[in-house]
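Each remark here refers to the structure printed beneath this line.
The values are calculated or read from the model by the stated rules, or taken from the named source; none is laboratory data. Since this is a predicted model, take the numbers as computed values, not measurements. As a convention, Cβ positions derive from the backbone with ideal geometry for all residues, glycine included, and neighbour counts pool all protein chains shown.
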Amino acid sequence: MAIDNQQLETSPEKLATRARGVQRARKPSRIERISDHLKRDWQIYLMLIPTIIWLLLFLYKPMYGLQIAFKDYSIFRGIAGSPWIGLDHFQTLFGNDQFLRALRNTVIISFYTLLFGFPMPILLALMFNEILNRTFKKTAQTIVYLPHFISSVIIAGIVITAFSPSAGIVNTVIGWFGVDPIYFLTKPEWFRPIFVGTGIWQEAGFQSIIYLAAIAGVSPTLYESAVVDGASRWQMMWKITLPSIMPTIIIMLIIRIGNILEVSFEMIILLYQPATYETADVVNTFIFRQGIQSGQYDFAAAAGLFNAVVAFILVMTANSLSKRYSRTSLW
C-alpha cells in the first residue's frame, strides 16, 4: 500500500510533465503554420500571385543585368559573354564633367523641391481641415487634385504655352509693366524655379490626401478639451493637429530623402533643351542620353547603379536617425 500511495502522490507531477511534453511535441512547425495559413486564406494569397509575378519580372529579374556596369558589355556577346573590367566604368564616370554637372543639378533641384515642395501638402491639408463650408472645401480640393491626373506631356505643354514669349500669359502680364518678353525656357537661370513650381502645382494637392487622412485619425476629444480650455483655432492646429500627424510627416520625409536623386525624368526631358543643360541636366537624363541615345549601356548602368546605392544609403541613414531621435521609422 505504501508503494501505491507513493505512486498516487507522484502521478499528478508525472502527468503534468507528460502533458507539457505532449504540448511541446504537438507544437506546429513553421511549414505547418504556413500551410495552415495558405489553406485558411488561399483566396487572398491567390490574389497576390499577379503582383508577385510582376515584382519578379519587372523589379527582381532586371537586377541580373546590373552586372554589365562591371563589364565591357556588347549586345552581340550578351551579358554572360561580355568580359569583366571591374570598376573602370565608375572611374570614367567620376571623371566625366557631364556626369558631375548632372549630379550637382540633381542635388540642387531635389533640395529646392524638398525645401519648398515638401511643406506645401502639409499646409494644404491644414488649410482644408480648417474650412467649414463643405461645398467650398470639396470644390477647392477638386481643383488642387486635378493637375495630378493630367499627363506630364499636357502639363509640359501648358508650361511651355504659359511662358511663351509671344502669347504666354506670363509675358503678357509682365508686358503690362513695360518689361520686354523673356523666353524663360531657354534661360538656364529660370529652369529650376519653373521646374520646382510646376512640380508643386502638379503634386502638392494630391499628396495632401495623406495628411488629411492622418488628420482624420486625430481624436475629436482632444479638440473638445482644447475648446473648453479656451484654445483658438491656431493653437489647436499648432498644439494638437501638427504633433498628431508628426509620425506621418516623418515617414514621408524619409521616403522623399530616399528619392532625392530621382528627379522627375519625364518633366525634365519634356522641358529641357541644350541651352539649359547647365542647370537642367540631371542624372536620369544623363543616363538616358548615354544609354539610349549613345548606346553605352554599360556606362549608363554604372551611373544608374551609383544612383541606386546613394538612394539606399540615404534611406537607411534617414531611417536610423529618425528611429533614434523621434522613435518613428519605416521599419
Does Arg192 meet the test of being in the same structural domain as Trp234 (by TED's automatic domain parsing), of a type in the set (Lys, Arg) and in contact (Cβ under 8 Å) with a residue 40 or more places away in the chain?
yes
Ser329 fails exactly one of the following numbered conditions: (1) surrounded by fewer than 19 Cβ atoms within 10 Å (Cβ to Cβ); (2) part of a helix (DSSP H, G or I); (3) of a type in the set (S, T, N, Q). What is the number of that condition?
(2)
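Sort through Ala125, Ala167, Ala80, Ala69 and tell me the only one that's part of a loop (DSSP other than H, G, I, E, B) and among the hydrophobic types (A, V, I, L, M, F, W, C). Show your work before the answer.
On the way: Ala125 fails: part of a loop (DSSP other than H, G, I, E, B); Ala80 fails: part of a loop (DSSP other than H, G, I, E, B); Ala69 fails: part of a loop (DSSP other than H, G, I, E, B).
Matching residue, one of Ala125, Ala167, Ala80, Ala69: Ala167.
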Out of Ile154, Ile109, Ile160, sole residue that is in a helix (DSSP H, G or I) and either crowded, with 16+ Cβ neighbours inside 10 Å or at positive phi (or both):
Ile109
Which one of these is charged (D, E, K, R), without any contact (Cβ under 8 Å) to a residue 12 or more places away in the chain and assigned to a helix (DSSP H, G or I): Lys239, Lys137?
Lys137
Can you say whether Ala140 is surrounded by 10 or more Cβ atoms within 10 Å (Cβ to Cβ), in the same structural domain as Ile249 (by TED's automatic domain parsing), at pLDDT 90 or above and under 28 Å from Arg192 (Cβ atoms), as far as the supplied structure shows?
no
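Per-residue answers, yes or no, for (1) more than 23 Å from Ser326 (Cβ to Cβ); (2) out of contact with any Cys (no Cβ under 8 Å at 6 or more places or on another chain); (3) outside the structural domain of Val309 (by TED's automatic domain parsing); (4) modelled with pLDDT under 90:
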| position | (1), (2), (3), (4) |
| --- | --- |
| Pro188 | yes, yes, no, no |
| Thr198 | yes, yes, no, no |
| Tyr211 | no, yes, no, no |
| Ala231 | yes, yes, no, yes |
| Ile255 | no, yes, no, yes |
| Glu262 | yes, yes, no, yes |
| Ile268 | yes, yes, no, no |
| Tyr272 | yes, yes, no, yes |
Odd one out for Pro220, checked against (1) in contact with a strand residue (DSSP E or B) (Cβ under 9 Å, 6 or more places away or on another chain); (2) over 30 Å from Tyr64 (Cα atoms):
(1)
All but one of (1) farther than 30 Å from Tyr73 by Cα; (2) crowded, with 16+ Cβ neighbours inside 10 Å; (3) in contact (Cβ under 8 Å) with a residue 12 or more places away in the chain hold for Ser244, so report the exception by its number.
(2)
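Report yes if some residue within region 259-266 is surrounded by 13 or more Cβ atoms within 10 Å (Cβ to Cβ) and part of a helix (DSSP H, G or I); otherwise report no.
As a first pass, look at region 259-266 and keep what is surrounded by 13 or more Cβ atoms within 10 Å (Cβ to Cβ): 259-266.
Subset that is part of a helix (DSSP H, G or I): 265-266.
Yes, there is a match, as at least one residue in region 259-266 is surrounded by 13 or more Cβ atoms within 10 Å (Cβ to Cβ) and part of a helix (DSSP H, G or I).
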